[in-house]
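Structure record follows, encoded as structure tokens.
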Amino acid sequence: MRPPRPWIRGLLALFLGACGPSSGAPGPRWVSLTGQAAGAGAQALGGVEERVVQDAVRIVPVGSDVVFESEYGPDDWILRKKRYWSARLIVAGRGAPADGTPPHRLTDESGREYRLLDRWEVREEGADLAGGFFVHTPRISLFLEEGATPPAKLTLRSFARRADAEGDGPRVTGERLSGDALPVWPGEHLDLRVDVPEDASLRFATGFEPSVSLDVDAQVTFRIYRDGRLVFEHGFPYQDEARLDYHEVQLEPGAGVPLRFEVLGLPAYTSFFAPGIGPREPGSYGARPWDRVNRGRPNIVLFQADTFRADNLRVYGGERSLAPFLDGLARRSLFFPNAWSVGTFTLPTHASLFTGLYPHQVGIQSPKSSLPREALTLAELLSRSGYRCGAITDSVYVSGKFGMDQGFETFDEVHGDFDSTLERAQAFLDADDGRPIFLFLQTYRTHMPYLVSEETRKSHGEVLELVRDFRSLSQEFNRIEDGRLEVDAQRRRATIDGLLEHYRGTVVDLDRGAQEFHRRLDQAGVFRNGYFLFTSDHGEAFEEHDEMYHGGKVWEELLRVPLFLHGPTIEPRRVERPVSLVDLAPTVAELAGVQGSEDWVGESLLGDGTRRPIFAFECGGRGASLAVIEGLQKVIASESSDELARDGLLHAFDLAADPAERRDLSASPWARELLERRREQALHLLQPKVESQGAALSTGDLDLLDAMGYGGKDW
């Protein structure tokens, strides 16, 4: 699937395709320093020495990675319950060893090793937890026999991965920050020699994630030296929150200029992200100095509103005007009223969106899968073609831990509010270096829990019935579901409708945020030569088919998504043909003027399209379903290859006459004929092209997935 990659991407001159072809003058040039770091060899990125910090943390190098050792005495532990002790986690590890050994080890002075428990063991009723420990940032918990006390000395060893070994250069995957980076940690330095042309600047972002929790005042300082002379310094107090700050340093020209990258301070995960040398005066997004001959490649912004049903918009059949901005923009766009997702929850849909393949083809077999590094992503393709690729996400499944960061120079994930998401996107835009951008923005603004702003409560109080708060409604529904609360059908429906009203309230908030985001892009000049794509990864169910939320069977309320494309050369029109999220990768590639992958199964939305079926998969393990849609005829079948090979037909619907899927037509001859006609194709799409890979998640990651409603998944 992945073509051979160049040894050092950063040493290649990246030219805009239309820069000065008629004059013969060379176009602007950008050089990635992560590529040069790969050429410098692994030892240039080394320099980790065994040392002790603040008498509390010992740093032990393990190859190019690190183990943090922290010691605990009796006074560090607090008895929470009869057998359950808790202490502050001094050091937070990162990643897991490649040999499969546990990321954390706890031993006492005698050498006794305690068992690392997982999240589900701790929750299991009646489980024997004695002699085990549990790491859940920012705490560590220890389980002992009743009446026992912690030993006089316990040593916790936490593994910390520095970076992935990539042929194109080092790549960091952190809790919040991932991307191409020089992973220089406090107490280290990295020396490189680079060629600096006339009128060039060094641009990069300093990335910080805390690794220790000590009650001391400390400073973190990033520095860069040229020929031993300090040319850049950026410092701030050591803090509990990660941060990403963009910078520019103007450099005098020269060949083989020696640069030293250095960080000072307490142990932390610090890196110089996306360091590169490019033109000092790049102009602006809408006015490049080299645009006099031709405008070059366009900017492309993909806005993914997670969990956003198609019928949230009036242009998709919605009954209420909850999103006037998006409705208006859709009418002025290339608009597809018959658009389907490829799955019913976030992980498989993003895997397809980024790779142009269906989920099983890229190894997404269950909710615990991760996108394998062997899969070629759209961002990788664009990055190699000269694009500056950045992602701003709300984390959880859209995370570097699930492999979604591949190809993005900077991948900034925080599970927070939409205002924060917009500010992070603004920082990316402000760090313009002259290259065209591919910016992917994902938000959980309409995802459970449905948090409706006070502004929306005031502006839509007469439209939305937000009488009760989401928390009480959710708790009531859970009690009804597990049998603790008996109610009649009318009361049950009222509870569900209350949840739906809160969901619709978040649509109002999302629309307001989307309008602000679009305004900022327009103000920056992105759309003078750029495109805006809007879509969702899946919908949300409110018991239309006895299911709530998402991740279930491939019903229309989960599969139907909005999809439209707006830009200076796009003729606004409504296109009725069926399309899929798997079509986004070839569409973006065509907009960028980049040759797509031969493996892609979708087709560009910019063409006339061909008559073809649409597929969607539950990716939920045993009992999961798949959908085949041809025209507006739809069959639902088993996702099990064995059952599908024998028959596997579950349901069938004529969506033209029955868009809500109320009348099952699986007994009709056309249903079996459709499935028989597409059976081999469906079986083929269930086969992975790359080896399936599991996500390495911390207990904190699992807790976040649980809080987002994914706790019942097959972990």
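Taken together, the values in this text are just the output of simple stated rules run on the coordinates, not laboratory data. Since the model is a prediction, treat every value here as computed from it, not as a measurement. With ideal geometry, Cβ positions are generated from the backbone for all residues, glycine too; neighbour counts draw on all protein chains shown.
Overview of results
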{"read-out": "Neighbour-count ranking [beta-carbon atoms within 10 angstrom, fewest first] of 212, 487", "value": "487, 212"}
{"read-out": "Cβ-Cβ FRET estimate between residue 50 and residue 164, R0 fixed at 25 Å, reported to 0.05", "value": "0.60"}
{"read-out": "Mean-position separation - Cα centroids, region 174-208 and region 302-335, in angstrom", "value": "40 Å"}
{"read-out": "Calculated diffusion of the chain, Stokes-Einstein form, Kirkwood radius summed over Cα pairs, 37 °C and 0.692 mPa s, µm²/s", "value": "120 µm²/s"}
{"read-out": "Cβ charges +1 (Lys, Arg) and -1 (Asp, Glu), total dipole of region 178-266, debye", "value": "220 debye"}
{"read-out": "Largest-first ellipsoid semi-axes for region 51-160, taking √(5λ) over the Cα gyration tensor eigenvalues, angstrom", "value": "23, 17, 12"}
{"read-out": "Overall Cα dimensions of region 249-333 - principal axes, largest extent first, Å", "value": "64, 48, 14"}
{"read-out": "15 Å tail of the calculated P(r), region 623-703, as % of Cα pairs", "value": "61 percent"}
{"read-out": "Per residue, the convex hull volume that the Cα atoms of region 315-440 enclose (Å³)", "value": "145 Å³"}
{"read-out": "Relative packing of peptides 631-639, 397-405 - highest average C-beta neighbours within 10 Å first", "value": "397-405, 631-639"}
{"read-out": "Of the GluC sites (Glu not before Pro) in region 220-267, those whose Cβ has at most 15 other Cβ within 10 Å and which sit in DSSP loop", "value": "241"}
{"read-out": "Neighbourhood charge, 10 Å Cβ-Cβ cut-off, centred on residue 253 and excluding it, Lys, Arg +1 and Asp, Glu -1", "value": "-4"}
{"read-out": "Estimated inter-spin distance, residue 319 and residue 236, nm [label 7 Å along Cα→Cβ]", "value": "4.8 nm"}
{"read-out": "Charge dipole of region 332-436 about the Cα centre (unit charges at C-beta), most positive-ward option of 367, 406, 386", "value": "367"}
{"read-out": "Rg ratio (alpha-carbon, reference 2.2 N^0.38 Å) - region 83-142", "value": "1.15"}
{"read-out": "Gyration tensor (Cα) of region 113-213, equivalent ellipsoid semi-axes in angstrom", "value": "44, 15, 11"}
{"read-out": "Shape parameters for region 363-518, alpha-carbon atoms, Rg then Dmax in Å", "value": "19.8, 62"}
{"read-out": "Other-chain or far-sequence residues with amide H under 5 Å of residue 313's (modelled H)", "value": "318"}
{"read-out": "16 Å Cα-Cα reach of residue 153 towards aspartates and glutamates, excluding residues that sit fewer than 8 places from it in its own chain", "value": "55, 69, 71, 75, 76, 108, 109, 113"}
{"read-out": "Other-chain or far-sequence residues with amide H under 5 Å of residue 343's (modelled H)", "value": "617"}
{"read-out": "Cβ-Cβ FRET estimate between residue 221 and residue 419, R0 fixed at 25 Å, reported to 0.05", "value": "0.30"}
{"read-out": "Lys, Arg +1 and Asp, Glu -1 on Cβ, resulting dipole of the chain about Cα centre, debye, nearest 20", "value": "1280 debye"}
{"read-out": "Leading residue at positive end of dipole, the chain (Cβ point charges), from 181, 626, 89", "value": "181"}
{"read-out": "Electrostatic dipole magnitude of region 570-715 [Cβ: Lys, Arg +1; Asp, Glu -1; Cα centre; debye, to 20]", "value": "420 debye"}
{"read-out": "Karplus-derived 3J(HN,Hα), 6.51/-1.76/1.60, for each residue of region 371-377, Hz, glycine and proline x", "value": "5, x, 5, 6, 6, 7, 9"}
{"read-out": "Unit Cα scatterers, Debye sum, region 569-679: log10 I(q)/I(0) for q = 0.09, 0.10 Å⁻¹", "value": "-0.30, -0.37"}
{"read-out": "At 1.002 mPa s and 20 °C, Stokes D of region 357-421 from Kirkwood alpha-carbon radius, µm² per second", "value": "169 µm²/s"}
{"read-out": "Using θ = phi - 60° and Karplus 6.51 cos²θ - 1.76 cosθ + 1.60, couplings along region 380-394 (whole Hz; Gly, Pro as x)", "value": "4, 4, 5, 4, 5, 9, x, 8, 8, 9, x, 10, 10, 10, 9"}
{"read-out": "Computed log₁₀ I(q)/I(0) - Debye formula, equal Cα scatterers, no solvent, region 521-607, q 0.13, 0.17, 0.20 Å⁻¹", "value": "-0.57, -0.84, -1.00"}
{"read-out": "Nonlocal amide H pairs with residue 548, under 5 Å, H built at 1.01 Å", "value": "543"}
{"read-out": "Protection proxy ranking, peptides 195-206, 438-449, average beta carbon neighbours within 10 Å, highest first", "value": "438-449, 195-206"}
{"read-out": "Kirkwood estimate for region 544-595, i.e. one over the average of 1/r between Cα atoms, Å", "value": "13.9 Å"}
